[in-house]
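Rule-based calculations on the coordinates, nothing more; no lab input. This one's a predicted model, so the numbers in the text were calculated from it and none came from an experiment. Here the Cβ is made from the backbone with ideal geometry for all residues, glycine too, and neighbour counts use every protein chain on show.
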Ligand code: ADP
Ligand code: MG
């Protein structure tokens, strides 16, 4: 065959293979966009495990009418403009790939209103065709509706699991994102039944209560608060008491600058800190938030962005394990929290 340039719609569908693995990836991308848009409240409605409908409504900044088509085109983003921006990126998104990818493998409707617009506007994407914007009714913010995921890519639709399994994946991601941003209210319904309702937390007490709703009250009632800062790295959050240990590493949440992260350096640092207080084969539980200079991490390591690369992993490891150890020392019977070195 001769070499040919692929048509745009097919390029988007190929990219969707990476970005849109299953309904949960759609939920994650849409909610991240809402968070990047400064939403204070996010409402997520799901039908049939997300394969029939995934709708995310927010009260964020909205998208101006003349940018609606751009929002759905490839490599178009409002979040970075240069390599310098990329190196210190603070938003959850920046690739400009999610919406065009989703729009190429589902029926997508985008309705949005900005603060200075007289009305909302709506566009839809179906099999690579974008409709003209139409006026619509919507308060300030954005609603994105994704219907019939993979309807036009039957090979991928076949890989969808049961409604229950797909919903469980969505639920896991939403809980992670809700943990990441305790200041944002989340409401989730599945098949018209409310399954999660989290008001925004305005105090440490609210926050712990909300964490209890997300990961379980037994963690919340057996966790100690931690807040430390060393060498430009701030760590705060809750450490499960050694008595609250798990047979699996399934309640270990890390967030860096508001982004949920799975990272070996961090989980090793925590294991190290708990080494003398947990039996072999048991795992600690924690919900921990790190803040550091965005330039000291590389968030561009992987398209799903669940991984980061630290510019100086050893330093991060040292600070994290020491901070945790000091707090854990204070929880031992007769123990005293060591003062920061
Ligand atoms: P990225 O998030 O990487 O920029 P997306 O394809 O997810 O790429 O979104 C494209 C653009 O559409 C974003 O840069 C943003 O300007 C706009 N956008 C998407 N979702 C929302 C939303 N919920 N509220 C406001 N703007 C949005
Ligand atoms: Mg995005």
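Between 0 and 90 degrees, the angle of helix 163-180 with respect to the longest Cα principal axis of the chain falls at about 60 degrees. For the chain, the relative contact order comes to 15 percent (Cα pairs under 8 Å, sequence separation of at least 6). A Förster radius of 35 Å, combined with the Cβ-Cβ distance separating residue 264 from residue 168, puts the computed FRET efficiency at roughly 0.90. Over all orientations, the range 8-198 has a Cα convex hull whose mean projected area works out to 10.5 square nanometres. Over every Cα atom in the range 1-73, the radius of gyration and the widest Cα-Cα span, Dmax, amount to 15.3, 52 Å. By the equivalent-ellipsoid construction on the alpha carbon gyration tensor, the range 215-329 comes out with semi-axes of 23, 15, 13 Å, ordered largest to smallest. Against the chain, whose longest principal axis comes from its Cα atoms, helix 8-19 is set at around 20 degrees. Based on the alpha-carbon gyration tensor of the range 109-202 and its eigenvalue square roots a ≥ b ≥ c, which shape applies: rounded if a/c is under 1.5, prolate if not and a/b is larger than b/c, or oblate? Cα axes put the range 109-202 in the oblate bin. Helix 23-36 and the longest principal axis of the C-alpha atoms of the chain enclose an angle of approximately 80°.
Rg over Rh for the range 206-265 works out to 0.96, using Cα positions for both radii and the Kirkwood form for Rh. Note on the chain: GNM, Cα springs under 10 Å; of 60, 330, 50, the largest mean-square fluctuation is that of 330. Between residue 280 and residue 83, the C-beta separation translates, for a Förster distance of 41 Å, into a calculated FRET efficiency of about 0.30. For the range 148-205, the percent of C-alpha pairs falling in each 5 Å distance bin, counted from 0 to the bin holding the largest distance, reads 4, 15, 20, 19, 15, 12, 8, 4, 2, 1. With no solvent and one equal point scatterer per Cα, compute the Debye intensity ratio I(q)/I(0) for the range 180-281 at 0.10, 0.13, 0.19, 0.24 Å⁻¹ and report its log10, rounded to two decimals. Here the Debye-derived log intensity ratios amount to -0.33, -0.56, -1.13, -1.55.
Would you please state which residues of the range 39-71 a label at residue 202 would reach in this model, taking the label point 7 Å out along Cα→Cβ and a backbone N cut-off of under 19 Å? Counting backbone N atoms under 19 Å from the label point, the list is 39-42, 59. Per-residue extension of 0.36 nm, minus the Cα-Cα distance of residue 18 and residue 306, leaves a gain of 102.3 nm for this segment. Using 0.36 nm per residue and subtracting the Cα-Cα separation, the extra length available between residue 225 and residue 209 on full extension is 4.5 nm. Between residue 129 and residue 183, the simple spin-label model (points 7 angstrom out along Cα→Cβ) gives 4.4 nm. Take each peptide in 96-102, 26-32, count the other Cβ atoms within 10 Å of every residue, and average; sorted highest first, the result is 26-32, 96-102.
Taking one quarter of the surface of the C-alpha convex hull of the chain gives a mean projected area of 20.1 nm².
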